[in-house]
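Novice: The structure's right below; bear with me while I get my questions together.
Since every read-out is calculated from the coordinates, none of them should be taken as a lab result. Computed from a predicted structure; not experimentally measured. Cβ placement follows ideal geometry from the backbone for every residue including glycine, while neighbour counts extend to all protein chains displayed.
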Amino acid sequence: MTDAISRCGHEREPIPVVQRGRHLVVDIHCHLNIAAAETWVRSQIADPPNPLAFMSPASMAVNGRLFAEIGPKLNGVDIRIGDMDRLGIDVQAISPSPGQYYYFAPPEVGREAARIVNDGIAQAVASHPDRLVGMGTVPLQDPQMAIAEMRRCVTQLGLRGIEISTNVDGRELSDPRLRPFFAAAEELGVLLFMHPLGFTHGQRLADHYLDNIIGNPLESTIALSHLIFGGVLEDHPGLKLCVAHGGGYLPGYWGRMDHAWRARDDCRQHIGRAPSSYLRQIWLDTLVFDQDELDALVRTHGAARLCLGSDYPFDMAEPDPVGFHARLDDDARARILGLNAAELLGLAACTRAQP
């Protein structure tokens, strides 16, 4: 694993973690909320926007009960360690709760909110350094501030990834103004974990929690399509990008975009090869809930580019993340359960717990 760690972490020392079972198990999709950041933003912005305001009363009521129930898990780390033991998870890669992007805020407010979030995540990791690894957030509404905060996350806080949304307050990730950020992430070798926050045009998805059920993967599908067709992955082939929720719908319907690339000039403006080839240079988590869908991802995307993700501690989490992968062959299971994420995050499983 040494070469892989040096590629993804440059001169950073690998983080030693404990492998407790047959395979190292790293959950790349887990969230931690830092309440102090929300308090700060509300002290600066009287009425911050609610991206889920259109949601039906029934869904809002369920969410209210949910957040009351999972609050101790979402806002802290002590309970989650016991849950990790119960689920067979050796390491959680904790990223901010998606509601904490704060891209809507004035840049200075967004920068301070990101710093509060990142300091809180670093503090949580320090409390359980052998079980937790951190991913931060950056104020993408100002790319230069975002780059500076990303560098602080990596060089000062020891975080190993940056979580980004699928758009920046309505701006697509392929916007030329964001290119310096992606170039800096590629240079640093830091993992970008792309996670949506609902759907930007979700009024038709208000009922039945469709904003999350359909909207989240659809947002990732759109954002990933812009990254491909807009040339971001063409220009930054070394970018380490992992997309939540199995990458949305694109990995299951990539033939349509390849056909469009062959048939239409406007689909070849920024890319020189079939769109699906860029899809296969990124990583996806395996939060797809159905084992036939998991098998399809392994067949078309490859086990070397998939990482276990659970979405802890939300109700849309996979309830048995290790068991979900049980029917894969041993090599694929080892890669997906932990080895791929360990390479991306710079982890070294140097000790096995004794029975």
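Novice: If amide hydrogens are placed 1.01 Å from N in the peptide plane, which non-local residues have theirs closer than 5 Å to the one on ILE162?
Specialist: GLY136, LEU191, LEU192, PHE193
Novice: Let me ask something additional. Which ordering of THR155, THR286, THR137, THR200 is given by a fewest-first count of other beta-carbon atoms within 10 Å?
Specialist: Values: THR155 11, THR286 26, THR137 32, THR200 17.
Ordered by Cβ neighbours within 10 Å, fewest first: THR155, THR200, THR286, THR137.
Novice: Let's see if you can work this out: charge +1 on each Lys and Arg Cβ, -1 on each Asp and Glu Cβ, no other charges. What is the dipole magnitude of the stretch 280-341 about its Cα centre, in debye to the nearest 20? List each step's numbers first, then the result.
Specialist: On the way: 6 positive and 12 negative charges, 76 e Å.
Using only the charged Cβ atoms, the result is roughly 360 debye.
Novice: Sum -39500 (n - 2.57) across every DSSP H segment of at least 4 residues in the chain, then divide by the residue count to get the 222 nm mean residue ellipticity, nearest 500. Don't skip to the end; give the middle numbers.
Specialist: Numbers: 15 runs with 150 residues, N = 355.
So the helix-based figure for the chain works out to -12500 deg cm²/dmol.
Novice: So what are the ³J(HN,Hα) numbers for the stretch 191-199, from phi and the Karplus equation (6.51, -1.76, 1.60; θ = phi - 60°), rounded to whole Hz, Gly and Pro as x?
Specialist: In residue order, the calculated couplings are 6, 9, 10, 8, 9, x, 10, x, 10 Hz.
Novice: Another question, if that's okay. Taking H placed 1.01 Å from N in the peptide plane, check which residues at least 5 places from ASN75 or on another chain put their amide H under 5 Å from its amide H.
Specialist: ASN33
Novice: With +1 assigned to the C-beta of every Lys and Arg and -1 to the C-beta of every Asp and Glu, and no other charges, what is the dipole magnitude of the chain about the Cα centre in debye, to the nearest 20?
Specialist: Values: 32 positive and 44 negative charges, 93 e Å.
Its charge dipole is roughly 440 debye.
Novice: Using Cβ counts within 10 Å as a stand-in for footprinting exposure, how do ASP47, ASP27 rank, fewest first? Please list the in-between numbers first.
Specialist: Values: ASP47 6, ASP27 28.
Final ranking by Cβ density, sparse to dense: ASP47, ASP27.
Novice: Full extension from ALA58 to ASP331: what is 0.36 nm times the residue separation minus their Cα-Cα distance, to one decimal in nm?
Specialist: Details: separation 273, 0.36 × 273 = 98.28 nm, distance 4.39 nm.
Contour length minus Cα-Cα distance gives 93.9 nm.
Novice: Which ordering of TYR253, TYR101 is given by a fewest-first count of other beta-carbon atoms within 10 Å?
Specialist: Details: TYR253 10, TYR101 27.
In increasing order of surrounding Cβ atoms, one gets TYR253, TYR101.
Novice: What size of dipole, in debye to the nearest 20, comes out for the stretch 234-355 about its Cα centre when the only charges are +1 on Lys and Arg C-beta atoms and -1 on Asp and Glu C-beta atoms?
Specialist: Working: 13 positive and 18 negative charges, 97 e Å.
That gives a dipole near 460 debye.
Novice: Quick one, could you list the DSSP H helices from the chain stretching 20 Å or more along their long axis (Cα atoms) with average Kyte-Doolittle hydropathy of -0.5 or above? Mind showing how you got there, number by number?
Specialist: On the way: long enough: 57-74 (24 Å, 0.34); 107-127 (30 Å, 0.04); 215-229 (21 Å, 0.70).
Result, helices passing both filters: 57-74, 107-127, 215-229.
Novice: Have a look at TYR209, ASN33, SER95 and report the one farthest towards the positive end of the charge dipole of the stretch 2-352, computed about the Cα centre with Cβ charges (Lys/Arg +1, Asp/Glu -1).
Specialist: SER95
Novice: Specify the residue with the greatest mean-square fluctuation among SER225, SER277, SER310, computed from a Gaussian network of the chain linking alpha-carbon atoms under 10 Å apart.
Specialist: With Cα springs under 10 Å in the chain, the top fluctuation among SER225, SER277, SER310 is at SER277.
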